[in-house]
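Peer 1: Here it is: the structure, laid out below.
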Amino acid sequence: MRLRRYINEQTGQAAGKLEVDNTSLEKARDFADSGKFDLDKEIPDFDKNYMKAQNLAKTGKTKRKDMPVITDDDVKKFQARLEKGTIDINKPLAKDPIVKDNPFPEGLSGLKAKKWLELGLKDGSKEDDKINVRITKVAVKDLMPIQRQIYFDKSMGAIKEFGVEKSLDFITNRSFFVVSEDNYIIDGHHRYLSALLINPKAKVNALKIDLPIKKLLPMATAYGDAIGNKRNQ
């Protein structure tokens, strides 16, 4: 699907130019209200929505290069692994040289990565690492970002390219946000910004994982590395 491919590219390796947390409303409007896109007609509440999005974006602390990369295509496998307990998350932890003192090592690949993805089944307990995961609907305004750099030109570029209606339909009906039990976003920050700009009350599909963000973030980062997803730069 062209829109899916476009959004994956926009939220992938290349950084944008306009970080929403320090881009003025005037500059944002100049970018958005250009070409054939009539901003006030297409998004009547843009100014209010942009300021809300900017305030939320300022709460993000994690650098983009330290964020996990888990795509929509990875969601089902990630969910299955968590529900089966194949990832070693809780005590008792497996005693293996791969993990040493860190249960969530970053940068694993090859055989080490494959082994790490199954350590939850080799720690002496078959139940301790089974994590409840559910797909639910959440108003986008109730989600919280953790990524520091969210690029307005990436999110707004997708909206202008494909239109408000088509963009919101994709975000709300055909994609998933990976979130912690306390509603922090692990994956989907640029789709999050797009939805906030269009309609903060819109409800999105959230793959909610019953782990707090302080545990989910390092685990998901290690997972993204282990399945071979390249980090954003």
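Peer 1: Looking at L216, L207, L211, can you tell me which residue is without any contact (Cβ under 8 Å) to a residue 40 or more places away in the chain, in contact with a strand residue (DSSP E or B) (Cβ under 7 Å, 6 or more places away or on another chain) and crowded, with 17+ Cβ neighbours inside 10 Å?
Peer 2: L216
Peer 1: Kindly indicate whether L207 is under 12 Å from the mean Cα position of the chain (by Cα) and either part of a helix (DSSP H, G or I) or more than 20 Å from A28 (Cα to Cα) (or both).
Peer 2: yes
Peer 1: Okay, next question. Given the criterion surrounded by 21 or more Cβ atoms within 10 Å (Cβ to Cβ), modelled with pLDDT under 95 and of a type in the set (D, E, K, R), identify the matching residue among D187, D129.
Peer 2: D187
Here's the yes/no breakdown for (1) outside the structural domain of T172 (by TED's automatic domain parsing); (2) at pLDDT 95 or above; (3) surrounded by 13 or more Cβ atoms within 10 Å (Cβ to Cβ):
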position	(1), (2), (3)
Q54	no, yes, yes
R64	no, no, yes
T86	yes, yes, yes
N90	yes, yes, yes
P105	yes, yes, yes
S109	yes, yes, no
L121	yes, yes, yes
V138	no, yes, yes
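Peer 1: Any idea which of (1) modelled with pLDDT under 95; (2) buried (at least 20 other Cβ atoms within 10 Å of the Cβ); (3) not charged (D, E, K, R) is the one P145 doesn't satisfy?
Peer 2: Among (1) modelled with pLDDT under 95; (2) buried (at least 20 other Cβ atoms within 10 Å of the Cβ); (3) not charged (D, E, K, R), P145 violates only (1).
Peer 1: Now for a separate question. Being in a loop (DSSP other than H, G, I, E, B) and of a type in the set (A, V, I, L, M, F, W, C): is that true of L168 here?
Peer 2: no
The values are calculated or read from the model by the stated rules, or taken from the named source; none is laboratory data. For clarity, every value in this text was computed on a predicted model and none was experimentally measured. Every residue, glycine as well, gets a Cβ built from its backbone with ideal geometry; the counts of neighbours run over all protein chains shown.
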